[in-house]
Amino acid sequence: MATTVSFAVRRTAAALRSSPNASTARYLTGTTIPIDVDHYTSGWKIGDIDDFTKAGKYRIQTFNKISEQGLERFTDDLYEVGSNAWEASNAHALVLRSHKLQESEVGVTVRAIARCGAGTNNIPVSRMTEIGIPVFNTPGANANAVKELIICGMFLGSRRVIDGINHMKDLGSKGLAKERVEKDKAMFGGQEIKGKTLAVIGLGHIGASTARDASALGMSIVGYDPGLSIESALKLPREITLTDSIASAVSDADYVSINIPYIKGEGGTHGIINEDVLKKLKSDAVLLNFARGELVDSDAMKKFLDAGDGRYISDFPDDLLWDHKNAIIIPHLGASTEEAEDAAAAMAAETIKEYLEDGTIRNSVNFPATEPPNRPQNSVRFTVVNSNLPGVLANITEVFASEGLNIVQQINHSRGSVAYNVLDIDTENDGDMISFKNVQEKITMLEDVLSSRILYGTPGSGYAKNLKGKYFV
């Protein structure tokens, strides 16, 4: 049976400091070992703590309107949730949708950021990595909603439905609709999608789902994705043809769906659908962009549309193509369904909860995936974020060894420039006070360590950062 942790501490304002202060003691229920992990001077005697204090909560700050159904995952007993208008200077995590997050909005107390959606280009991810904050997204949560709109886009690109609707409104305003409808409908002819070829560029959650449903509608599927995962591959239709380049995938396609992430910089995907790619398309091909507007070179696309009877269906604003007769620009409605918003908010909340409560990292775009096992009985869990450099882990474990503390369970994962450690420290065989406060400060102030947490006790406490040589707790 797992040991139950039960205690309360007096909460005070977080502060910057360069030397440790006295602290209150916390006790591990079921043992005789005092566990000292608080960082503040309480002013109360140890025995008076329970009489004068209350347990805290994790503070979650939201930007944009986040689904209430999703936010219900943050239970009232452990979490306090408020909007960006809320006084959240001590927020422990941020949840947002399309809000363009500024670094100035990320307080020093923030441990994690989650976006309700797949793309994270509205978050300064590189900077968050530098300061040791994981950024999470919700891959697949809006896949069905986007997929349905892509299918809709194929129909809109096949027949001039929107032009026909607008024409009927014009005729109706003149009282001519019934008189002209049969005569004028020939202006808006089109083609069926059955038997046509769809090229899907990017076979992740949305791309794979689009390929599967388009196949069910009788289309032939060609796909391209150099990073195709096993999970996505299992969702693909059996008849799909995989190619080794975008150019070869689109060359014989009647429809092309772009489903790749937008990546800035050299080697990225900015303007990846350029003149060279568009030259490979059939003159009457329909290009569907429900991924990111920046993926398509607008000047090259205009040239393609001007030259033939091709169509461009995009879910993103375009200052050049917004009124082109062969373009349909949709106001970013891909994930705008109640179901998608509920699913994305719920997934974001769960990833934040797992990280704050037990150190699990799932669906992060900048930190390594980490799923630690349950914390052993009579142990305290430390997590440490550090630069991914040689010798840092050895220095961390040396601090525990120098304090006579035994690591009973340890995980070390890295991704790019950042490393993440989960260490469970034995408390069962120690007869004296275990001062985790001092241990945490020593670890946090090691060179190349960014932050540390003690996942034990009062929600929201036990977090420390190395701010350019100053110790924040």
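Have a look at 206, 193, 221 and point out the one that is touching a helix residue (DSSP H, G or I) at 6+ places or on another chain (Cβ under 6 Å) and assigned to a helix (DSSP H, G or I).
From the options 206, 193, 221, the qualifying one is 206.
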Looking at segment 331-348, which of the residues that are in a loop (DSSP other than H, G, I, E, B) and not hydrophobic (A, V, I, L, M, F, W, C) is least open to solvent (accessible area, probe 1.4 Å)? 334
Which residues, taken from segment 363-416, are acidic (Asp, Glu) and either assigned to a strand (DSSP E or B) or without any contact (Cβ under 8 Å) to a residue 24 or more places away in the chain (or both)? 371, 398
From the list 249, 211, 253, which one is of a type outside the set (Asp, Glu), open to solvent by less than 30 Å² (accessible area, probe 1.4 Å) and touching a Phe, Trp or Tyr at 6+ places or on another chain (Cβ under 8 Å)? 249
Give the number of residues within segment 394-423 that are touching a helix residue (DSSP H, G or I) at 6+ places or on another chain (Cβ under 9 Å), open to solvent by 50 Å² or more (accessible area, probe 1.4 Å) and under 15 Å from residue 439 (Cα atoms). 4
Of residues in segment 50-72 being of a type in the set (Lys, Arg) and open to solvent by less than 100 Å² (accessible area, probe 1.4 Å), the one modelled with the highest pLDDT: 59
Count, please, the residues in segment 104-157 that happen to be within 23 Å of residue 416 (Cβ to Cβ) and in a helix (DSSP H, G or I). 6
Inspect all residues belonging to segment 331-345 and state whether any of them is within 30 Å of residue 138 (Cα to Cα), over 20 Å from the mean Cα position of the chain (by Cα) and not small (Gly, Ala, Ser). yes
Looking at segment 126-147, I want the residues that are closer than 24 Å to residue 313 by Cβ and among the aromatic types (Phe, Trp, Tyr) and have a partner that is open to solvent by less than 20 Å² (accessible area, probe 1.4 Å) and not in a strand (DSSP E or B) with Cβ atoms under 7 Å, at least 6 apart or on another chain. Which pairs are those? none
Sole residue being open to solvent by less than 20 Å² (accessible area, probe 1.4 Å) and in contact with a strand residue (DSSP E or B) (Cβ under 8 Å, 6 or more places away or on another chain), chosen from 189, 195, 164, 157: 157
Of these, 47, 140, 119, which one is in contact with a helix residue (DSSP H, G or I) (Cβ under 6 Å, 6 or more places away or on another chain), farther than 28 Å from residue 444 by Cβ, modelled with pLDDT under 95 and not basic (Lys, Arg)? 140
Does residue 136 satisfy the criteria of being open to solvent by 50 Å² or more (accessible area, probe 1.4 Å) and out of contact with any His (no Cβ under 9 Å at 6 or more places or on another chain)? no
Against the definition (within 20 Å of residue 331 (Cα to Cα) and touching a residue at least 24 places away in the same chain (Cβ under 8 Å)), how does residue 272 come out, yes or no? no
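The values are calculated or read from the model by the stated rules, or taken from the named source; none is laboratory data. Keep in mind that what you see is a predicted model, and the values were worked out from it rather than measured. Because the Cβ atoms are built from the backbone with ideal geometry, glycine has one as well, and the counts that use them run over all protein chains shown. Side chains are part of the model used for accessible areas, which takes the heavy atoms of the whole protein and leaves out ligands, DNA and RNA. Shrake-Rupley method; radii C 1.70, N 1.55, O 1.52, S 1.80 Å.
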